[in-house]
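Q: Okay, handing you the structure first.
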Amino acid sequence: MTVKEKLNILEELLSIQKDTLDENSLLEDIEEWDSMAVISLIAMFDSLFGKEIKSEEIKRFRTVKDIIDIME
Amino acid sequence: MATGILKNVEIKGIACAVPDHIVNNEDYFDVFGEENVRRFIKMTGVKTRHVAFDEQCTSDLCYVAAKSLMKKLNWEPSSIDALILVTQTPDYAIPATACVLQYRLGLSDDCIAFDINLGCSAYVYGLWQAATMISTQNINRVLLLVGDTSNFGINQNDSSTAMIFGDGGTATALEKTEGKDLKYFLKTKGSGYKSIIVPAGHARSRSQIITDSSEYELYMNGADVFSFTITDVPNALNSFMKEYSIDKNEVDMFVFHQANLFILKHLAKKLGIPMEKVPISIDRYGNTSGESIPLTLVDVLGGEQSDDTLKLILCGFGVGLSYGGIYLELKKSACLPMIYTNYYFKGDVSKEREEDK
């Protein structure tokens, strides 16, 4: 999966316009990054990657890249 | 995993009473912002909720449900051997609310009565307890009451809890019946006890003077509860169905605790169950805690006349963290129509009995 494809998945998850998300964006600057987005993220990792991610791990994410790096 | 078969027991009837006061989540636009509320409704599925008045307790809703059910089944109060109440919102710190209800319902002094403190898994644990008593003891009839007024102790400015919960009280009548049985699994993951918690107000904090009011309010770590629900719950349910050779294609309905719509959809997808087999009540009633499973059954089947039976899997999961499932057959005609009520106890049992006449 390319970085662009991963970004597109996150854009859909956050309900934001396609091709607008930058890898280096800080999560705290993204208005849509909230408790509901966190739950969607856990669901996405579970269904697309068969991976369980914990809330403590999510709390350590600073940038979009931190998420993309473990999307495999 | 604790599993087993409880023999010679059947559910004879289920009733549910909810407050007639309806809260629309769109009324929260001014509090949390329209866009946030719309996203919340889309994800959780909760559009409206039945919310109890301050005076209206879990016991009142369970009382109304129990009275209607006893009347429908022609169960004399003296014929009931045990009353079990599963709730997290009892009337008092002590005594057990089941004792108060034994008196209010006019049940015999020979009746066993006690409370169990569980939430999302309440119905499954309650059925297991009631069925165990009937199956293994000299007990014929048990009235299982499961309910909560979860909007008590909620911070109205916390968007994760202010718009999610609905209130309700249910009554389920179980009776010794040759040839009928139910299968169960029960599990606990106490390591997650902090995931849904009201920290203050009980013995753990008795030596402290707590001035932070949020300590008395419900805290929920939605992410942790969600992770638990989509991993531990389907794993346990699949093992259970495998152990008892339950073919999911032959199950008519999977009635899950109505946690939120997103969770239910994800759970169904993971288990390979079509959503047509997963009844939903959360859209109109909210997350109704322990009573969500019987409430959903009443919502779907209430008032059905047919004596056809349905094969059901009931599965509750959440606060504790506690979870479990039951496989049983239920007559379609077992559920009474939904009851909407503004009733509450005014402190005088003799007056309550007069009003009932």
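Q: Along the charge dipole of the protein assembly as shown, pointing to its positive end and built from +1/-1 on Cβ of Lys, Arg, Asp and Glu, which listed residue (B:W75, B:I134, B:A93) has its Cα farthest out?
A: B:I134
Q: Only Cα pairs under 8 Å and at least 6 apart count here; give the relative contact order of region B:2-347 as a rounded whole percent. Write down the numbers at each step before the final one.
A: Numbers: 804 pairs, mean separation 96.4, N = 346.
It comes to 28 percent, rounded to a whole number.
Q: Please give the charge dipole size of region B:2-347, origin at the Cα centre, charges +1 on K and R Cβ atoms and -1 on D and E Cβ atoms. Round to the nearest 20 debye.
A: Dipole about the Cα centre, nearest 20: 760 debye.
Q: Another question, if that's okay. To the nearest 20 debye, what is the magnitude of the charge dipole of region B:120-277 about its Cα centre, counting +1 on the Cβ of each Lys and Arg and -1 on the Cβ of each Asp and Glu? Each step should come with its number before you reach the end.
A: Values: 15 positive and 16 negative charges, 75 e Å.
In debye, rounded to 20, region B:120-277 gives about 360.
Q: Could you do me a favour and compute the accessible area per residue for the protein assembly as shown, 1.4 Å probe, result in Å²?
A: On the way: 19530 Å² over 429 residues.
Per-residue accessible area for the protein assembly as shown comes out at 46 Å².
Q: Sequence-distant or interchain residues sharing an amide H contact under 5 Å with B:G4, placed H: which?
A: Result for B:G4 returns B:Y184.
Q: Specify whether the C-alpha gyration tensor of region B:140-220 places it in the rounded, prolate or oblate class, a ≥ b ≥ c being the square roots of the eigenvalues: rounded for a/c under 1.5, otherwise prolate if a/b is larger than b/c and oblate if not.
A: Details: a/c = 2.49, a/b = 2.05, b/c = 1.22.
Because a/c hits 1.5 or more and a/b exceeds b/c, region B:140-220 counts as prolate.
Q: Relative to the Cα centre, what is the charge dipole magnitude of the protein assembly as shown, using +1 at the beta carbon of each Lys and Arg, -1 at the beta carbon of each Asp and Glu, and rounding to the nearest 20 debye? Before the final figure, lay out the partial values.
A: Numbers: 43 positive and 62 negative charges, 251 e Å.
Approximately 1200 debye in magnitude.
Q: A follow-up question, please. What residues does region B:217-247 have that are buried by at least 30 Å² of accessible area in the full protein assembly compared to the chain on its own, 1.4 angstrom probe?
A: Buried on complex formation: B:A223, B:D224, B:F226, B:S227, B:T231.
Q: Separate question: Determine the relative contact order of region B:309-357: mean sequence separation of Cα pairs under 8 Å and six or more apart, normalised by residue count, in whole percent.
A: Values: 35 pairs, mean separation 14.2, N = 49.
Averaging sequence separation for qualifying contacts and normalising by length gives 29 percent for region B:309-357.
Q: Of B:K47/B:K351; B:K71/B:K180; A:K6/B:K42; B:K180/B:K269; A:K59/B:K189, which sit over 27 Å apart, Cα to Cα?
A: Details: B:K47/B:K351 37 Å; B:K71/B:K180 23 Å; A:K6/B:K42 24 Å; B:K180/B:K269 31 Å; A:K59/B:K189 22 Å.
The pairs that break the limit, which is 27 Å between Cα atoms, are B:K47/B:K351; B:K180/B:K269.
Q: Chain B: Rg/Rh from Cα coordinates, Kirkwood Rh? Write down the numbers at each step before the final one.
A: On the way: Rg = 19.4 Å, Rh = 20.5 Å.
Reported Rg/Rh, Kirkwood definition of Rh: 0.95.
Q: Could you tell me the total accessible area buried at the A-B interface, probe 1.4 Å, in square angstrom to the nearest hundred? Let's see the in-between values first.
A: Values: alone 4840 and 16040 Å², together 19530 Å².
Chains A and B together bury approximately 1300 Å².
Q: May I pose another question? With r as the distance between the Cβ atoms of B:Q305 and B:K346 and R0 = 30 Å, compute the FRET efficiency 1/(1 + (r/R0)^6) and round to 0.05. Numbers along the way, then the final one.
A: Numbers: r = 36 Å, r/R0 = 1.19.
Efficiency, from the Cβ-Cβ distance: 0.25.
Q: Would you work out what percent of the accessible area of chain B, with all protein chains in place, is carbon or sulfur (probe 1.4 Å)?
A: Working: 7400 of 15370 Å².
Percent of accessible area from carbon and sulfur atoms in chain B: 48.
Q: When the scattering of region B:229-346 is computed by the Debye formula from its Cα atoms alone, each counted once and equally, what is log10 I(q)/I(0) at q = 0.11, 0.16, 0.18, 0.19 Å⁻¹?
A: Computed log10 I(q)/I(0) values: -0.37, -0.77, -0.96, -1.06.
Q: Identify, among A:M36, A:T63, A:L21, the residue whose Cα sits farthest towards the positive end of the charge dipole of region A:3-68, taking +1 on the Cβ of Lys and Arg and -1 on the Cβ of Asp and Glu, with the dipole about the Cα centre.
A: Of the candidates, A:T63 comes out farthest on the positive side.
Q: Report, in deg cm²/dmol and to the nearest 500, the calculated mean residue ellipticity at 222 nm for the protein assembly as shown, where each DSSP H run with n ≥ 4 adds -39500 (n - 2.57) and the sum is divided by the residue count. Could the numbers behind the result be given before it?
A: Working: 15 runs with 150 residues, N = 429.
It lands at -10500 deg cm²/dmol.
Q: Now for a separate question. Taking the protein assembly as shown, how much of its Cα-Cα pair set, in percent, is spaced more than 34 angstrom apart? Walk me through the numbers before you get to the answer.
A: Working: 29922 of 91806 pairs.
The share of Cα pairs beyond 34 Å in the protein assembly as shown comes to 33 percent.
Q: With every protein chain left in place, what is the accessible area of B:V64 in Å² (1.4 Å probe, nearest 10)?
A: Its heavy atoms expose roughly 20 Å² to the probe.
The values are calculated or read from the model by the stated rules, or taken from the named source; none is laboratory data. Note that the structure is predicted; figures quoted are calculated from it, not measured. Backbone-built Cβ (ideal geometry, glycine too); neighbour counts: all protein chains shown. These area figures cover heavy atoms from the full protein model, side chains too; ligands, DNA and RNA do not enter into them. Shrake-Rupley method; radii C 1.70, N 1.55, O 1.52, S 1.80 Å.
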